[in-house]
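Okay, so here's the structure we're looking at.
What follows draws every value from the coordinates through simple rules; no lab data is involved. Quantities reported herein were computed from a predicted structural model and do not represent experimental measurements. We place every Cβ from the backbone using ideal geometry, glycine too, and count neighbours over all the protein chains shown.
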Amino acid sequence: AKEDGRNTVRFFNPEMQQGVLERLALEKSLRIALQEGQLRLFYQPQVDHQGRITGVEGLVRWQHPQRGLVPPGEFIPLAEETGLIVPMGQWVLQAACEQLVRWAQVPERRDWCIAVNISGRQLRQPDFVAQVVQVLAQTGAAPELLKLELTETLLLENPQDAIQKMAALQKYRVRFSLDDFGTGYSSLAYLRDLPLSQLKIDKSFVNNLGQDDRATAIVRTIVTMANNLGLDVIAEGVETAEQQQALSANGCLIYQGYLFGKPVPIEEL
Ligand code: C2E
Ligand code: CA
Ligand code: CA
Ligand code: CA
């Protein structure tokens, strides 16, 4: 008899069995995607209050031979679980750094920074710092133009480890942005201790701007706090001119969202 309860249940439950098979198939095709170069990095502009692009966020896509363009929400969670996020995140870093080097040749783009998302599992790798430093050295990208986006939730998993790695990378002039700010539960003490350069106001606060006075109050509070801590502040998910106006009226002067451009392949930027 099977001692392993989980396997037994899965074996006798057709729905769950199908789930497992689907996951295995997805995992396999994700490995192939990495090997065969099916990942794409899309770029979404980040714009200042005068409409100038200051940088981009790189967002991964999977160009699946049959299914077409697959959004990250459909494969990042499994990549996290299986550990494939580590080579995938490495690919993203490499692609971003290569792009920075190309832009270094273009006068009007040489100051643009690229922000990339770092997953928890990726940050927890003991050689994470060495990996980032190696990609920078090998590509020759300017470290101060690379911005790593971390979430509060991720940082709270192991604050000491995160702080130590961030501090090490900060010595190379790599910068950090706290993504989805306001949705996690980070205490203000962490904000003080983390070597951040930017807070990114979560889309959920931007959504309600203009309709909900509390959303405005939250934005104003985040901006004031960021200013006092010497941090930049950017708002994500800006879709309307009204939202942008409310943000700028409350001191947030960098924006990212469909109002300025969706994530697109590099040729379309
Ligand atoms: P995120 O880091 O919060 O990225 C912002 C998401 O909001 C992106 O979705 C972007 O396309 C979308 N977005 C941007 N502007 C607007 C807007 O005005 N309105 C609306 N409704 N949405 C907007 P996307 O590209 O599907 O990425 C989803 C999430 O997947 C990201 O959320 C990030 O957590 C994760 N992700 C994307 N690329 C990577 C990656 O290279 N590595 C890791 N670890 N995670 C990634
Ligand atoms: Ca992000
Ligand atoms: Ca975000
Ligand atoms: Ca968000």
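Please report the antiparallel percentage of DSSP beta bridges with both residues in the chain, rounded to the nearest 5. So the antiparallel bridges in the chain amount to around 40 percent. Sequence-ordered 3J(HN,Hα) estimates for the range 169-180 from the Karplus curve with 6.51, -1.76 and 1.60 and θ = phi - 60° stand at 6, 4, 4, 8, 6, 5, 10, 10, 10, 8, 6, 6 Hz, glycine and proline given as x.
Amide H contacts under 5 Å for L59: F42, Y43, Q44, restricted to partners 5 or more places along the chain or on a different chain, H placed in the peptide plane at 1.01 Å from N.
Our summary gives the range 124-224 a relative contact order of 24 percent, counting only alpha carbon pairs under 8 angstrom and 6 or more residues apart.
Taking the alpha-carbon distance from K200 and a cut-off under 12 Å, which aspartates and glutamates remain once sequence neighbours fewer than 8 residues away in the same chain are dropped? List returned: E57, E149, E152, D179, D180, D232, E236.
FRET efficiency for the pair S187 and V106, taken as 1/(1 + (r/R0)^6) with r the Cβ-Cβ distance and R0 = 35 Å, rounds to 0.25. Full extension of the segment from N227 to R214, taken as 0.36 nm per residue of separation minus the current Cα-Cα distance, would add 2.7 nm. Taking the centroid of alpha carbons for each part, the range 46-60 and the range 135-212 are 17 Å apart.
The gain in end-to-end length when the A241 to H49 segment is fully stretched comes to 68.0 nm, 0.36 nm per residue minus the alpha carbon separation. Comparing mean-square fluctuations of E152, E144, E108 from a GNM of the chain with C-alpha springs under 10 Å, the top value falls on E108.
Per-residue ellipticity at 222 nm from helix content only, as computed over the chain with -39500 (n - 2.57) for each DSSP H run of at least four residues, stands at -14500 deg cm²/dmol.
Placing unit charges on the Cβ atoms only, positive for Lys and Arg and negative for Asp and Glu, gives the chain a dipole magnitude near 460 debye about its Cα centre.
Computed from backbone phi, the HN-Hα couplings of the range 211-224 come to 9, 10, 4, 5, 4, 4, 4, 5, 4, 4, 5, 4, 5, 4 Hz, rounded to whole numbers (Karplus: 6.51 cos²θ - 1.76 cosθ + 1.60, θ = phi - 60°; Gly and Pro given as x). Under a 5 Å amide H cut-off, with hydrogens placed 1.01 Å from N, L199 pairs with L178, D232, V233, I234 among residues at least 5 apart or on other chains.
Near C113, the amide H atoms lying under 5 Å from its own belong to G55, V56; only residues 5 or more places off or on other chains count, and H is placed 1.01 Å from N.
Rounded to whole numbers, the Karplus 3J(HN,Hα) couplings from phi for the range 86-102 are 5, x, 5, x, 5, 4, 4, 4, 4, 4, 5, 5, 4, 5, 4, 5, 5 Hz, using 6.51 cos²θ - 1.76 cosθ + 1.60 with θ = phi - 60°, and x at Gly and Pro.
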